[in-house]
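Novice: Before I ask anything, let me first share the structure, which is written out below as structure tokens.
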Amino acid sequence: MAKVARDPSHGSLVGERMNTRVNDFVIKIANVNGTGSASANGLLMKAIFRMGIPVVGKNFFPSNIQGLPTWYEIRVSRDGYLARSGEVDIMVAMNAQTYARDLAEMSAGGYLLYDSTWPREAQLARSDITLIGIPLAKLVNEAFTNIRARILMKNICYVGALAALLALELGVLEALLKETFSDKPKLIADNLRAIELGYRYASQHFDCPLPFRLERMNATADCIMADGNTLAALGCVYAGATIGAWYPITPSTSLMDAFKDFCERYRRDPVSGKQHYCIVQAEDELAAIGMVLGAGWNGARAFTPTSGPGLSLMNEFLGFGYYAEIPAVIFDVQRVGPSTGMPTRTQQADLLLAAYASHGDTRHVLLFPANPAECFSMAVTAFDLAERLQTPVIVLSDLDIGMNDWMVQKLNWDDRQTPDRGKVYTSDELRDMQLFHRYTDRDGDGIAYRTLPGTYPTGAYFTRGSGHSARATYTEDATEYQEVLDRLRRKHDYAKKLVPEPTVRRKDGLTTGVISIGSCDAAVLEALDRLACEGIELNYLRVRSFPFSSEVDQFLEQHRQIFVVEQNRDAQLKSLLLLETSADRDQLTSILHYGGMPIDSSFIVRGIRVALAKGEAA
Amino acid sequence: MTFMQKPKVSHSKLPRNELGLSIRDYEGSMSTLCAGCGHDSVTAALIQAIWELSIEPHLIVKMSGIGCSSKTPAYFVEGAHGINAVHGRMPSIATGANAANRNLYYIGISGDGDSLSIGLGQFAHALRRNVNMLYLIENNGVYGLTKGQFSASADVGSKAKKGAVNNQPPIDPILLALTLGAGFVGRGFSGDKDQLVPLIKAGILHNGFALLDVLSPCVTFNDHEDSTKSYAHTRRFDRPAVRTDFVPRKTPIQTVCEGGEAIPVELHDGSTIVLRKVSKDYNPVNRDEAYRYVQEHQKGGEIVTGLLYINEDQQEFHALNDTVSGALRDLPYAELCPGSAILEEIQHLYR
């Protein structure tokens with residue numbers, strides 16, 4: 001039977017059997033989408049962050065606007081682990097539809113907070129958790145008359161209750177609310193009232209704080225909380241991108257929304273007020289990538305954000321961009337496939353599609369950010385690489401990075417930094433030149449010089465996706481065709497020297513390691529620490545780009561056994577390693593997570609433990 | 001070898017335009033289309049028109065998709081950049097290119113397959129966005145490069161060379177463009193250069209999307225007796241609605257009326273086109289009337305040619321997007337990057 005927390009007449013709080021856990025637990029909030037819970041959850045997380053405590057939030061939302069279950073998971077981690085732990089210590093169960101599964105998901109010793117306006121003690125009974133009933137609807141209905149306010153404030157009210165239960169500083173909540181609604185004093189008052197209602201009720205009815213509690217730290221001073229799509233958009237602004245073309249698709253839409261917001265503020269002509277940018281909402285992704293290529297061909301920095309289905313549609317044009325050698329930047333914020341898949345769930349299953357997108361011998365330059373901060377830096381890098389290499393560059397982010405708020409190091413910008421516009425002949429250079437040939441390898445790096453339309457008469461050439469010679473003329477001649485195709489391969493190999501290097505955490509003497517990618521990083525880092533505590537030590541390499549640089553080959557040579565951790569069913573990173581490096585099939589063991597939720601550290605710990613045990617048994 | 005350079009022979013007595021260039025300076029490489037192809041006549045008209053407009057070759061951007069028509073940008077104005085995109089997707093390339101630099105002359109060459117089948121969506125949306133360009137469809141009702149399949153512009157009842165009869169209704173780019181709100185809609189015939197050259201000139205200078213549908217018979221697959229896109233058929237049923245003259249901005253308007261009433265229309269750069277009514281009841285500045293007129297004559301099997309609709313007051317792509325007057329691609333980086341202080345300021349929001 002569930003133990004009801006202290007009845008005022010009864011005495012001490014149950015749960016004393018627990019040791020106190022300070023700044024190290026997971027709060028999960030189960031709600032119904034469309035009820036405004038996002039702002040309440042964001043408020044809660046940000047308040048914890050403001051108390052200097054490392055924290056990360058993950059939003060599990062349905063592909064729906066209103067009425068379906070939605071969850072928000074807040075990991076509080078004094079050690080700074082930013083992945084999911086795989087545990088739930090405090091459940092705020094606001095959705096009766098999901099009571100059963102929410103209850104089942106909780107870790108032993110946890111606390112479940114629910115709206116006891118409608119008592120459900122029997123339904124929520126579980127002997128190893130403690131039930132905290134707070135009559136949220138009742139409290140709010142008594143205090144507010146407006147129907148909308150009653151719905152919204154119920155969420156704020158549980159934040160108030162949690163503040164008491166977890167020892168969240170009220171002053172921090174108050175300051176945040178005042179900043180958020182600085183131009184809406186009525187809203188500040190309502191929110192503060194709802195906080196107070198929940199706080200007071202919890203304080204009066206339960207021993208506060210719970211064993212799970214917060215204590216001020218100083219571990220977030222150099223950090224920000226932001227999502228990857230916003231910071232990728234900011235990267236595009238700082239890279240000097242002027243043209244964005246897109247077709248709305250979850251989970252990439254907020255990238256262009258953010259770009260538009262930044263541009264409206266920072267990209268207006270100071271005199272005329274006119275735009276220093278152009279955003280086109282295209283009719284589909286085929287047109288979006290076409291516009292980006294048209295703009296890139298004509299010398300502007302242009303990009304398109306998309307997700308799996310969009311990338312599928314862009315294939316033909318990506319081959320064109322590759323073969324005609326046109327810079328373009330594509331952000332693929334990956335979601336669950338195949339086909340429409342699960343649009344609001346995360347995965348890393350576009351890797352192989354992106355690497356070889358389009359028919360014929362094509363290969364693309366890919367970047368793999370692991371968190372929102374890398375979305376910023378890699379956005380800038382992507383434009384430099386696209387123009388230096390004159391080719392499409394695909395940044396493979398995912399829903400977890402793109403749409404969730406992560407705690408990352410504050411971004412820095414060096415004002416001396418200038419973009420690498422690549423090899424483009426100016427009109428002066430063309431004037432002094434006898435002959436210009438578009439596709440000749442003058443410098444031996446596989447990268448030819450290009451010209452922009454309108455520059456100078458002798459710079460004109462014909463860009464085509466059909467067979468062409470080094471002089472940019474149409475050809476069906478084997479030798480002429482192969483000359484260009486072979487140079488493109490040399491160019492792609494040369495890219496290994498330019499792309500971001502992998503991150504490596506390595507101790508000499510270890511022959512077992514992990515290779516991973518993108519948003520798995522946080523979970524891998526935590527898993528490695530946990531395994532080390534058990535005496536299992538592993539080295540770690542995170543690939544950050546394709547083509548793989550020589551460090552990846554070195555790591556493969558140095559390790560007898562390597563676990564490849566990734567979030568797709570078919571081991572796409574492992575496949576790519578087998579195709580593109582000297583890796584041996586027997587050397588690589590996959591740890592695959594592909595259910596759509598962000599990978600957690602426990603999953604990796606278990607996977608490696610089991611695999612090692614099997615190996616020993618063999 | 002499928003690429004042939006034309007020999008550079010220029011006679012000193014060839015007439016020169018304002019830039020001192022002869023018409024030879026506006027030619028391209030040798031056409032590889034079939035002898036007698038209507039498209040080659042369109043290419044010749046384009047060369048004539050651009051030469052007459054005295055546009056510096058390198059300020060022109062030539063774009064196309066895939067198909068016989070889309071090969072032709074290689075055959076005119078060698079001194080201009082050209083881009084041959086994927087099938088049906090030239091409009092998006094044109095939109096992006098134009099977004100990057102609004103201050104060049106954009107000429108898109110497409111065909112009925114490229115624009116009305118695979119590329120219908122992109123064609124429609126570039127038109128809706130009013131991208132400032134000449135969009136020329138070389139329309140022959142047939143897929144030439146894949147040997148004679150019907151295209152979406154083939155008329156009901158028209159026969160393919162091997163006898164198959166088309167039973168699906170055609171998509172008429174003129175009616176479509178009028179419906180979608182194009183500000184410049186014209187139709188020409190590859191066999192009537194006198195009419196075509198002024199139409200092309202006006203289309204290039206029109207401030208916005210200028211659609212020019214040019215009937216251009218396919219001599220190999222669609223120039224037989226049962227075709228409605230043959231030379232013979234077009235000549236027989238061609239009904240010019242308006243004669244078009246083009247008057248450069250520096251020349252005073254000369255109305256050379258041959259019967260019909262003359263309507264001068266001033267283009268955004270100050271030059272003028274003169275529309276001479278051939279039909280008394282035709283008004284080329286009225287969209288509804290244009291629609292009715294074209295449809296009515298179509299019912300009678302007549303192909304109406306000429307500048308069928310013009311409106312110089314529609315806002316083009318950049319005006320609609322409120323972009324700066326210069327080329328976005330030429331904006332200095334210092335004006336684009338907000339710098340470290342702003343980054344610091346932005347990040348306060350993420351604390």
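Novice: Counting other Cβ atoms within 10 Å of each Cβ, which GluC sites (Glu not before Pro) in segment A:473-525 have at most 15 and sit in a DSSP loop?
Specialist: Here the GluC sites (Glu not before Pro) that fit, given the DSSP loop and packing criteria, are A:Glu476.
Novice: Calculate the mean, over all residues of peptide B:45-58, of how many other protein chain Cβ atoms lie within 10 angstrom of the residue's Cβ.
Specialist: 1
Novice: Continuing with the same structure: Rounding to the nearest 10 and keeping the result within 0 to 90°, find how far the Cα-based axis of helix A:228-239 lies from the longest principal axis of chain A.
Specialist: 40
Novice: Cα convex hull of segment A:427-497: how many Å³ per residue?
Specialist: In segment A:427-497, the Cα hull volume divided by residue count equals 101 Å³.
Novice: Hey, another quick one. Would you mind getting me the FRET efficiency between A:Asp284 and B:Lys299? Use the beta-carbon distance for r and R0 = 41 Å, nearest 0.05.
Specialist: In this case the efficiency is close to 0.75.
Novice: Please quote Rg/Rh for segment A:39-110 to two decimal places, taking the Kirkwood radius as Rh and restricting both calculations to Cα atoms.
Specialist: Rounded to two decimals, Rg over Rh is 0.98.
Novice: State, as an integer percentage, the relative contact order of segment A:427-497 based on alpha-carbon contacts under 8 Å between residues 6 or more apart.
Specialist: 30
Novice: Among the DSSP beta bridges whose two residues both lie in the protein assembly as shown, what percent are antiparallel, rounded to the nearest 5?
Specialist: The antiparallel proportion sits near 35 percent.
Novice: Same structure, new question: What is the order of A:Phe303, A:Phe60, fewest Cβ neighbours within 10 Å to most?
Specialist: Arranged by neighbour count, lowest to highest, A:Phe303, A:Phe60 become A:Phe60, A:Phe303.
Novice: Per residue of A:382-394, count partner chain C-beta atoms within 10 Å of its C-beta, then hand back the mean as an integer.
Specialist: 0
Novice: Next question. Which of B:Ser92, B:Ser41 comes first, and how do the rest follow, when ranked by fewest Cβ neighbours within 10 Å?
Specialist: Ranked by crowding around the Cβ, least crowded first: B:Ser41, B:Ser92.
Novice: Hey, another quick one. Have a look at the DSSP beta bridges in chain B and tell me what percent are antiparallel, nearest 5.
Specialist: 40
Novice: Something else now. Which order results if A:Ile53, B:Ile310 are arranged by neighbouring Cβ count within 10 Å, fewest first?
Specialist: Ranked by crowding around the Cβ, least crowded first: A:Ile53, B:Ile310.
Novice: When the chain is fully extended, how far beyond the present Cα-Cα distance does A:Arg265 get from A:Glu121, taking 0.36 nm per residue of separation?
Specialist: So the extension gain works out to 46.6 nm.
Novice: Another question about this same structure. Using only atoms on other chains, find how many Cβ atoms lie within 10 Å of each Cβ of peptide B:74-87 and report the average.
Specialist: If you average over the peptide's residues, the count of other-chain Cβ atoms is 6.
Novice: Take the Cα atoms of chain B, find their three principal axes, and give me the spread along each one in whole Å, biggest first.
Specialist: Largest first, chain B extends 74, 49, 47 Å along its Cα principal axes.
Novice: What is the Cα coordinate range of the protein assembly as shown on the first, second and third principal axes, sorted by size from largest, in whole angstrom?
Specialist: So the three principal-axis extents are 108, 68, 58 Å.
Novice: Let me ask something else. Measure nothing fancy, just the Cα-based angle from helix B:90-100's long axis to the longest principal axis of chain B, in degrees from 0 to 90, nearest 10.
Specialist: Approximately 30 degrees, to the nearest 10.
Novice: Could you list log10 I(q)/I(0) for segment A:226-409 at q = 0.12 Å⁻¹, which the Debye formula gives when each Cα is one point scatterer?
Specialist: For segment A:226-409, the Cα-only Debye profile gives -0.48.
Novice: Output the antiparallel fraction of DSSP beta bridges having both residues in segment A:226-409, as a percent to the nearest 5.
Specialist: Of the beta bridges lying entirely in segment A:226-409, close to 15 percent run antiparallel.
Only the coordinates and a few stated rules stand behind these numbers; no lab work does. Quantities reported herein were computed from a predicted structural model and do not represent experimental measurements. No Cβ is skipped: glycine too gets one built from the backbone with ideal geometry, and neighbour counts run over all protein chains shown.
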